[in-house]
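To keep things clear, I will list the structure first and then write my remarks on it.
The values are calculated or read from the model by the stated rules, or taken from the named source; none is laboratory data. Predicted model only: the values in this text are computed from it and were never measured. Note that we place each Cβ from the backbone using ideal geometry, even for glycine, and neighbour counts take in every protein chain shown. When the accessible area is computed, the model is the full protein with side chains, heavy atoms only, and any ligands, DNA or RNA have been set aside. Shrake-Rupley method; radii C 1.70, N 1.55, O 1.52, S 1.80 Å.
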Amino acid sequence: MIYWFYLMVAIVFEVAGTLSLKFSTQNSNLLVTVFVIVFYITSFTFMWLAMKKIEMGVAYAVWAGAGTAIIALLGWLIFKDSMTLMKLVFISLIIIGVVGLKLATPSH
């Protein structure tokens, strides 16, 4: 179960890295760029730890899918990106897929 926790931490840092990447496009503050690098390195480190027990395809699909869904929602809430009913439907499908992969993966 700890490996799924590692994967969740990897997702949190991937989302933080992507948010920092967006913030770095809005100003030229070097510190924000450093955050991008630190967050992504931390995310990949926890992803590496998670892949010690979670199948690569499942770990990557959950990491990418959850990160994509979270970023799409945060982009709408923080950066006022457009959001339509169809986008919400497809984000929901991503979330359903992520949950399905978790449920379909045997515990070690």
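How much area per residue is accessible in the chain when the probe is 1.4 Å and only protein heavy atoms are counted (Å²)?
Value for the chain: 63 Å² per residue.
Counting Lys and Arg as +1 and Asp and Glu as -1, each charge on the Cβ, what is the dipole of the chain about the Cα centre in debye, to the nearest 20?
60 debye
Leaving ligands and nucleic acids out of the surface, order S43, S24, S82 by accessible area at 1.4 Å, largest first.
Heavy-atom accessible area, descending, gives S82, S24, S43.
Whenever you get a sec, line up T105, T33 from highest to lowest accessible area (probe 1.4 Å, protein heavy atoms).
Correct descending sequence by accessible area is T33, T105.
As a test of the formula, what do you get for the chain when each DSSP H run with n ≥ 4 contributes -39,500 (n - 2.57) and the sum is divided by the residue count, at 222 nm and rounded to the nearest 500 deg cm²/dmol?
That calculation yields -29000 deg cm²/dmol at 222 nm.
Tell me the label only: which of [x] 56; [y] 67; [z] 61 is percent of Cα pairs over 16 Å apart as calculated from this structure?
[z]
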